[in-house]
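**Q** Okay, handing you the structure first.
The values are calculated or read from the model by the stated rules, or taken from the named source; none is laboratory data. Here the structure is a predicted model, which is why all the values come from computation and not from measurement. Every residue, glycine as well, gets a Cβ built from its backbone with ideal geometry; the counts of neighbours run over all protein chains shown.
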Ligand code: SF4
Ligand code: FES
């Protein structure tokens with residue numbers, strides 16, 4: 001680890017609550033270790049604000065290890081910042097230079113209204129899941145786990161899709177605010193497994209209908225979502241979703 | 001003068017759970033609709049309980065402080081989940097899983113609970129597969145297993161290094177389905193502030209809406225806390241930033257006993273501390289110990305050279321490497337239980353062999369060179385690719401080329417609210433599940449057992465035991481909190497508490513005080529504890545608590561989103577819980593599992609238990625602020641297992 005300290009300026013979106021208008025505020029910060037994480041840099045800034053008796057910047061975060069999907073942030077024009085395949089909480093200050101200005105905005109999408117500062121409301125994702133992101137089984141009375149063999153390749157591909165953390169970077173990045181990558185990851189995971197295959201078409205139809213209802217846009221295949229997704233969820237899952245969706249339409 | 005009744009059912013160990021289920025009381029379907037159950041927390045235990053109870057027909061209200069139930073920290077568990085399937089035909093059985101768990105817990109867990117855990121472990125795997133959890137599979141299409149610390153069989157099921165995530169998303173999908181069907185009301189970004197007790201029974205909770213600051217009450221016939229563990233009392237831990245002890249602590253102050261608070265687990269393989277702004281520690285899964293070899297240099301001058309940067313780990317030839325776990329524990333080697341591995345690392349760094357250039361020189365190597373030579377890079381990449389990637393992002397070094405640097409970190413709380421066999425606390429109607437209770441792991445938890453316990457409690461235990469409690473509650477009509485003095489009083493108390501916090505208007509940030517609490521806890525209530533150190537810790541925590549209430553600064557208002565206020569409310573509780581942990585550690589004049597008292601060890605530095613005097617669960621009763629709590633003892637009886645001293649040297 002070759003650690004050094006850098007001086008930066010952070011330009012942050014501040015917004016009191018959902019109804020208020022927001023503005024950018026700039027804060028100079030000195031002596032930030034390049035070994036610290038991006039959110040540790042935010043902690044330092046907040047600590048400074050508290051000392052100056054100002055309100056700290058609100059942002060979502062929890063696990064700080066790239067798995068809970070709670071952190072967000074649009075950093076210098078990129079969802080989860082300039083590094084690839086990481087969440088904001090895994091981003092490190094070594095990706096920035098001395099003297100740099102770092103612009104931080106919330107996810108911007110009609111589907112994700114701002115709550116305060118950099119915090120947004122992503123409950124629309126939960127609603128889409130409630131519409132069909134499950135296998136309809138109750139607790140108990142299920143067959144032995146090895147009763148149905150599953151080809152390793154299928155299990156692996158399902159796992160690739162299941163790695164989605166529900167962060168919303170795909171929506172924030174998409175010019176249409178489409179949630180297709182998120183929805184397709186769940187539809188694809190479950191369609192690949194025999195347990196989920198049974199209701200795959202119905203699931204696709206219900207989840208897509210909910211997504212449309214909640215104001216997310218259409219997918220125009222620009223692929224920006226795939227580039228910014230911290231978990232490398234592939235566009236191929238959108239293709240599978242489209243197949244399941246067509247299946248559902250044909251059955252109707 | 002104990003008031004503890006663990007309600008262990010009659011019969012031989014393997015008949016107890018069957019007997020219980022055969023004779024318990026049930027609630028008939030039409031009455032279930034009239035019964036409300038509150039569940040706080042949406043991790044493995046909370047989400048699985050909420051989904052299962054709602055499927056059965058109860059009306060469930062589920063709360064979490066995160067923006068979505070899918071964020072709960074169970075999601076971060078990497079390695080795997082144990083079950084006694086014996087798919088590998090390597091001699092596993094329910095009894096062996098039970099035995100390993102009791103032994104791993106250093107004979108400080110309740111036999112009957114642990115046996116039940118092992119019994120239902122297989123059902124969890126079946127359930128998860130049915131939900132579409134993509135566990136790792138063999139080429140033939142059947143489920144794959146790996147081995148884990150503290151076991152000599154391969155019984156751990158896994159989904160890459162994201163097993164917790166996949167199991168949680170499975171439970172979350174079941175929860176989502178029930179929310180969609182209208183059987184569960186979900187309250188995200190809502191934090192529990194207190195339990196409401198009416199006529200001696202838990203009847204609801206008071207909450208704060210984290211977005212609006214609104215204080216509200218909710219009624220239920222029974223309340224379940226599935227709120228996780230409390231190791232964020234150490235400030236730096238592998239827990240999520242928001243993980244906290246407040247729900248459990250508030251319940252404790254309302255009459256729920258707190259059991260074995262001193263038992264916390266230090267995980268051997270986290271990334272070492274890098275600097276003073278460090279906000280959390282990142283775990284590298286324990287499964288890495290299957291293929292990585294742990295070492296430090298044999299010569300102090302080599303360790304010094306590495307810290308100074310004049311030598312690289314790969315410059316040290318094999319004969320100058322001390323594979324200290326393999327040296328000390330030939331039978332288990334790098335797979336000894338977590339507490340043993342953690343202490344052994346500290347033993348080396350305390351003697352000057354640490355390899356990390358941080359203030360405490362704390363760090364050891366976990367080396368994959370040998371496994372890569374033996375199996376090829378491809379195999380290692382398939383097993384641990386995502387973990388290696390995560391490591392590289394954080395440390396900026398490539399673990400395929402140079403050994404990983406690791407060091408123990410606070411990870412899990414074995415202690416928690418005391419519960420009986422039914423998972424009911426000492427407040428009737430208040431149930432506690434998952435890491436929040438104390439029941440299954442004794443003084444040390446084995447790897448891949450937390451996921452098992454969370455889901456066992458939620459899917460397969462609570463749905464039965466809570467019915468037994470509710471069977472005679474069907475006549476209790478739903479209460480309107482606005483019409484009940486108990487709810488109003490509780491609400492007023494919560495508001496007064498918040499006002500008190502807001503009106504301190506001091507100069508110190510919440511985090512700065514929390515960091516200092518963390519240092520006291522790590523240095524004096526951490527891996528090696530002494531009578532003198534614990535006494536100092538108690539004095540220092542009291543002083544810090546005073547300072548907090550005199551000088552904490554919370555900007556903003558209480559009637560809107562206020563993250564500093566949320567943190568302050570949690571820290572106020574940690575500042576009380578920390579003291580209880582020290583009191584418990586001080587009273588336990590023995591070493592067991594994660595609790596090592598330096599006065600009680602063998603000449604070789606192994607933990608020395610005192611079964612004659614301490615083979616009990618220590619459950620503490622709250623007696624008011626600045627008053628010594630009362631200790632109640634639940635004696636532990638081992639009928640199905642012979643108590644031995646733990647030995648990982650020879651099998
Ligand atoms: S698909 Fe990727 S970007 Fe979208 S929510 Fe999932 S993990 Fe985040
Ligand atoms: S905080 Fe959990 S993914 Fe970033």
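**Q** Tally the residues that are crowded, with 20+ Cβ neighbours inside 10 Å and within 14 Å of ligand 1 (Cβ to nearest atom), restricting the search to the stretch A:74-84. Walk me through it before giving the result.
**A** Narrowing the stretch A:74-84 to residues crowded, with 20+ Cβ neighbours inside 10 Å: A:74-75, A:79-81.
So of that shortlist, the ones also within 14 Å of ligand 1 (Cβ to nearest atom) come out as A:74, A:79-81.
Within the stretch A:74-84, residues that are crowded, with 20+ Cβ neighbours inside 10 Å and within 14 Å of ligand 1 (Cβ to nearest atom) number 4.
**Q** What do you reckon, is residue A:199 at pLDDT below 95 and within 30 Å of residue A:152 (Cβ to Cβ)?
**A** On the way: at pLDDT below 95: no; within 30 Å of residue A:152 (Cβ to Cβ): yes.
So residue A:199 fails the test.
**Q** Moving on. Any chance the stretch B:549-565 includes a residue that's touching a strand residue (DSSP E or B) at 6+ places or on another chain (Cβ under 7 Å), assigned by TED's automatic domain parsing to the domain that holds residue B:598 and touching a residue at least 60 places away in the same chain (Cβ under 8 Å)? It would help to see each step written out before you state the result.
**A** Of all residues in the stretch B:549-565, those touching a strand residue (DSSP E or B) at 6+ places or on another chain (Cβ under 7 Å) come to B:551-553, B:561.
Filter again for assigned by TED's automatic domain parsing to the domain that holds residue B:598, leaving B:551-553, B:561.
So of that shortlist, the ones also touching a residue at least 60 places away in the same chain (Cβ under 8 Å) come out as B:561.
Yes: the stretch B:549-565 contains one or more residues that are touching a strand residue (DSSP E or B) at 6+ places or on another chain (Cβ under 7 Å), assigned by TED's automatic domain parsing to the domain that holds residue B:598 and touching a residue at least 60 places away in the same chain (Cβ under 8 Å).
**Q** If you check A:81, A:140, which single one turns out to be farther than 26 Å from residue A:208 by Cα, more than 7 Å from every other protein chain (Cβ to nearest Cβ) and within 15 Å of the chain's Cα centre (by Cα)?
**A** On the way: A:140 fails: within 15 Å of the chain's Cα centre (by Cα).
Answer to the check: A:81.
**Q** Please work out if residue B:373 is over 30 Å from residue B:159 (Cα atoms), modelled with pLDDT of 90 or more and away from chain A (no Cβ under 14 Å).
**A** On the way: over 30 Å from residue B:159 (Cα atoms): no; modelled with pLDDT of 90 or more: yes; away from chain A (no Cβ under 14 Å): yes.
No, not satisfied.
**Q** How many residues are more than 8 Å from chain A (Cβ to nearest Cβ) and within 16 Å of ligand 2 (Cβ to nearest atom) if we restrict to the stretch B:42-71?
**A** Initial filter on the stretch B:42-71 (more than 8 Å from chain A (Cβ to nearest Cβ)): B:42-47, B:49-50, B:53-54, B:56-65.
So of that shortlist, the ones also within 16 Å of ligand 2 (Cβ to nearest atom) come out as B:42-43, B:64-65.
Looking only at that region, the number is 4.
**Q** Residues being within 16 Å of ligand 2 (Cβ to nearest atom) and within 9 Å of another protein chain (Cβ to nearest Cβ): count how many of those fall in the stretch A:90-106. Lay out the reasoning, then the answer.
**A** So in the stretch A:90-106, the residues within 16 Å of ligand 2 (Cβ to nearest atom) come out as A:90-93, A:95, A:104, A:106.
After this cut, where a residue has to be within 9 Å of another protein chain (Cβ to nearest Cβ) as well, the list is A:90-92.
Adding up the residues that qualify gives 3.
**Q** Check off (1) more than 14 Å from chain B (Cβ to nearest Cβ); (2) more than 16 Å from ligand 1 (Cβ to nearest atom); (3) at positive phi for residue A:117 and give me the number that stays unchecked.
**A** (1)
**Q** Of all residues in the stretch B:254-312, which are within 22 Å of the chain's Cα centre (by Cα) and within 12 Å of chain A (Cβ to nearest Cβ)?
**A** B:270, B:271, B:272, B:273, B:278, B:279, B:280, B:281, B:282, B:283, B:284, B:285, listed by residue number.
**Q** In the list A:144, A:160, A:98, which residue meets the criterion of being more than 15 Å from ligand 1 (Cβ to nearest atom) and either part of a helix (DSSP H, G or I) or in the same structural domain as residue A:62 (by TED's automatic domain parsing) (or both)?
**A** On the way: A:144 fails: either part of a helix (DSSP H, G or I) or in the same structural domain as residue A:62 (by TED's automatic domain parsing) (or both); A:160 fails: more than 15 Å from ligand 1 (Cβ to nearest atom).
Criteria check complete, one pass: A:98.
**Q** Okay, moving on. Could you list all residues from the stretch A:144-163 that are more than 7 Å from chain B (Cβ to nearest Cβ) and either over 18 Å from residue B:163 (Cα atoms) or surrounded by fewer than 23 Cβ atoms within 10 Å (Cβ to Cβ) (or both)? If you could, list the steps in order and put the result at the bottom.
**A** Start the filter on the stretch A:144-163 by keeping residues that are more than 7 Å from chain B (Cβ to nearest Cβ), which leaves A:147-148, A:153-154, A:156-157, A:160-161.
A:147, A:148, A:153, A:154, A:156, A:157, A:160 - these are the residues of the stretch A:144-163 that are more than 7 Å from chain B (Cβ to nearest Cβ) and either over 18 Å from residue B:163 (Cα atoms) or surrounded by fewer than 23 Cβ atoms within 10 Å (Cβ to Cβ) (or both).
**Q** Any residue at all in the stretch A:23-30 that's buried (at least 17 other Cβ atoms within 10 Å of the Cβ) and within 30 Å of residue B:307 (Cα to Cα)?
**A** no
**Q** Scan the stretch B:212-234 for residues that are more than 12 Å from chain A (Cβ to nearest Cβ) and crowded, with 24+ Cβ neighbours inside 10 Å and jot them down.
**A** Narrowing the stretch B:212-234 to residues more than 12 Å from chain A (Cβ to nearest Cβ): B:214-227, B:229-231, B:233-234.
Listed by number, the residues that qualify are B:221, B:222, B:223, B:224, B:225, B:226, B:227, B:229, B:230, B:231, B:233, B:234.
**Q** When you scan the stretch A:74-89, how many residues do you find that are assigned to a loop (DSSP other than H, G, I, E, B) and either over 17 Å from residue B:283 (Cα atoms) or more than 10 Å from ligand 2 (Cβ to nearest atom) (or both)? Quick ask: steps written out before the conclusion?
**A** Applying the first criterion (assigned to a loop (DSSP other than H, G, I, E, B)) to the stretch A:74-89 yields A:76-77, A:80-87.
Okay, now just the ones that are also either over 17 Å from residue B:283 (Cα atoms) or more than 10 Å from ligand 2 (Cβ to nearest atom) (or both), so A:76-77, A:80-85.
Of the residues in that region, 8 qualify.
**Q** Then there's this: Can you name every one of the helices (runs of 4 or more DSSP H) wholly within the stretch A:174-252 that holds 2 or more residues which are within 14 Å of ligand 1 (Cβ to nearest atom) and buried (at least 19 other Cβ atoms within 10 Å of the Cβ)? Full working, then the answer.
**A** Working: elements: A:180-192, A:194-197, A:200-213, A:224-228, A:236-251.
Where helices (runs of 4 or more DSSP H) fall fully within the stretch A:174-252 and carry at least 2 residues being within 14 Å of ligand 1 (Cβ to nearest atom) and buried (at least 19 other Cβ atoms within 10 Å of the Cβ), they are A:180-192, A:200-213, A:224-228, A:236-251.
**Q** Oh, and also: Quick check, is residue B:201 surrounded by 24 or more Cβ atoms within 10 Å (Cβ to Cβ) and modelled with pLDDT of 95 or more?
**A** Numbers: surrounded by 24 or more Cβ atoms within 10 Å (Cβ to Cβ): no; modelled with pLDDT of 95 or more: yes.
It is false that residue B:201 is surrounded by 24 or more Cβ atoms within 10 Å (Cβ to Cβ) and modelled with pLDDT of 95 or more.
**Q** Tell me which helices (runs of 4 or more DSSP H) are completely within the stretch B:447-528 and hold 3 or more residues being within 13 Å of chain A (Cβ to nearest Cβ), or say none if there are none.
**A** On the way: elements: B:450-455, B:462-470, B:485-502, B:510-524.
By residue number, B:462-470, B:510-524.
**Q** Sticking with this one: For residue A:128, are the conditions met, namely being surrounded by 23 or more Cβ atoms within 10 Å (Cβ to Cβ), closer than 30 Å to residue B:137 by Cα, within 16 Å of ligand 1 (Cβ to nearest atom) and in the same structural domain as residue A:201 (by TED's automatic domain parsing)?
**A** Working: surrounded by 23 or more Cβ atoms within 10 Å (Cβ to Cβ): yes; closer than 30 Å to residue B:137 by Cα: yes; within 16 Å of ligand 1 (Cβ to nearest atom): yes; in the same structural domain as residue A:201 (by TED's automatic domain parsing): yes.
Criteria met by residue A:128.
**Q** Next question, about the same structure. Go through the stretch B:602-644 and count every residue that is in contact with a helix residue (DSSP H, G or I) (Cβ under 9 Å, 6 or more places away or on another chain), within 12 Å of residue B:592 (Cα to Cα) and in a loop (DSSP other than H, G, I, E, B).
**A** 1
**Q** Of the numbered conditions (1) more than 9 Å from chain B (Cβ to nearest Cβ); (2) touching a strand residue (DSSP E or B) at 6+ places or on another chain (Cβ under 9 Å), residue A:87 fails exactly one; give the number of that condition.
**A** Of the numbered conditions (1) more than 9 Å from chain B (Cβ to nearest Cβ); (2) touching a strand residue (DSSP E or B) at 6+ places or on another chain (Cβ under 9 Å), the odd one out for residue A:87 is (2).
**Q** Within the stretch A:130-143, is even one residue within 16 Å of ligand 2 (Cβ to nearest atom) and touching a residue at least 12 places away in the same chain (Cβ under 8 Å)?
**A** To start, the set of residues in the stretch A:130-143 that are within 16 Å of ligand 2 (Cβ to nearest atom) comprises none.
For the stretch A:130-143, residues within 16 Å of ligand 2 (Cβ to nearest atom) and touching a residue at least 12 places away in the same chain (Cβ under 8 Å): absent.
**Q** Taking the options B:173, B:128, name whichever one is over 16 Å from residue A:144 (Cα atoms), part of a helix (DSSP H, G or I) and within 8 Å of chain A (Cβ to nearest Cβ). Don't jump to the end; show me each part of the working.
**A** On the way: B:128 fails: over 16 Å from residue A:144 (Cα atoms).
The match here is B:173.
**Q** Right, residue B:120: facing another protein chain (nearest Cβ under 7 Å), assigned to a helix (DSSP H, G or I) and under 30 Å from residue A:153 (Cα atoms) or not? First the steps, then the outcome.
**A** Working: facing another protein chain (nearest Cβ under 7 Å): no; assigned to a helix (DSSP H, G or I): yes; under 30 Å from residue A:153 (Cα atoms): yes.
So residue B:120 does not fit the description; no.
**Q** While we're here: Against the conditions (1) out of contact with any strand residue (DSSP E or B) (no Cβ under 7 Å at 6 or more places or on another chain); (2) more than 9 Å from chain B (Cβ to nearest Cβ), where does residue A:173 fall short? Just the number, please.
**A** Condition not satisfied by residue A:173: (1).
**Q** Considering the stretch A:42-73 alone, what residues qualify as being within 16 Å of ligand 1 (Cβ to nearest atom), more than 7 Å from chain B (Cβ to nearest Cβ) and either touching a helix residue (DSSP H, G or I) at 6+ places or on another chain (Cβ under 6 Å) or part of a helix (DSSP H, G or I) (or both)?
**A** Residues of the stretch A:42-73 that are within 16 Å of ligand 1 (Cβ to nearest atom), as a first pass: A:60-63, A:65-73.
Now drop any that are not more than 7 Å from chain B (Cβ to nearest Cβ), which leaves A:71-73.
The answer is A:71, A:73.
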